[in-house]
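Below is one structure, written out as structure tokens; comments come after it.
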Amino acid sequence: MKAFIVIDDVRTSELLQNLIGVGHGWLGAGSTVIVTTRDKHVLLIGGIDKIHQVKKMNFKNSLQLFRLNSFDKVFPKEGYVQLSKRAIDYAGGNPLALKVLGS
């Protein structure tokens, strides 16, 4: 039987091994497991064979996303330009962080 499994925000290789086990023999042919983590090392130690690293948002798109979430428009209120830039630098191109910081 085919399965599609998403395991989000895995922080340790031990947790990954506990969730999917050693080897993938218990999964049916054609199954897919997607694992998200902030630490690529977790995947390497956990025996994940295909890794796709998502690119960070560029500054222009980060600024637009942050401003839309904090000011409900593309341009910030006067006096908030520097604060916006600091938040964007802190988020490091992570869309979720930009949304959280902007809310």
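Ranking T12, N69, V42 by how far each Cα lies toward the positive end of the dipole of the chain (charges on Cβ) leaves N69 at the top. Net charge around P95, counting only other residues with Cβ within less than 12 Å of its Cβ (Lys, Arg = +1; Asp, Glu = -1)? For residues surrounding P95, the net value is +3.
Taking amide H positions as placed in the peptide plane 1.01 Å from N, state which residues far from V33 in sequence (5 or more) or on other chains have amide H under 5 Å from it. Close amide H contacts, sequence-distant or interchain: I5. Counting Lys and Arg as +1 and Asp and Glu as -1 over every other residue whose Cβ lies under 13 Å from the Cβ of S13, the net charge comes to 0. Where in the stretch 30-59 does the amide nitrogen come within less than 15 Å of the point 7 Å from the Cα of E14, taken along Cα to Cβ? What the label zone holds, given the 15 Å backbone N cut-off, is 42, 46. The ranking of T32, T37, T12 by Cβ neighbour count inside 10 Å, starting from the fewest, reads T32, T12, T37. Using the Cβ of Q53 as centre and a radius below 12 Å, the other residues enclosed give a net charge of +4, where K and R count +1 and D and E count -1. Counted by neighbouring Cβ atoms within 10 Å, the residues V100, V33 run from fewest to most as V100, V33.
Neighbour counts of other Cβ atoms within 10 Å put S84, S62 in the fewest-to-most order S84, S62. Adding -39500 (n - 2.57) for every DSSP H run of four residues or longer, then dividing by how many residues the chain holds, sets the calculated 222 nm ellipticity at -12500 deg cm²/dmol. Would you check the chain for Lys pairs whose C-alpha atoms are within less than 23 Å, ignoring same-chain pairs closer than 8 in sequence, and give me the count? Summing the qualifying lysine pairs gives 18.
Rule-based calculations on the coordinates, nothing more; no lab input. None of these values were measured; they are calculated from a predicted model. Neighbour counts are summed over all protein chains in view; Cβ atoms, including those assigned to glycine, are modelled from backbone coordinates with ideal geometry.
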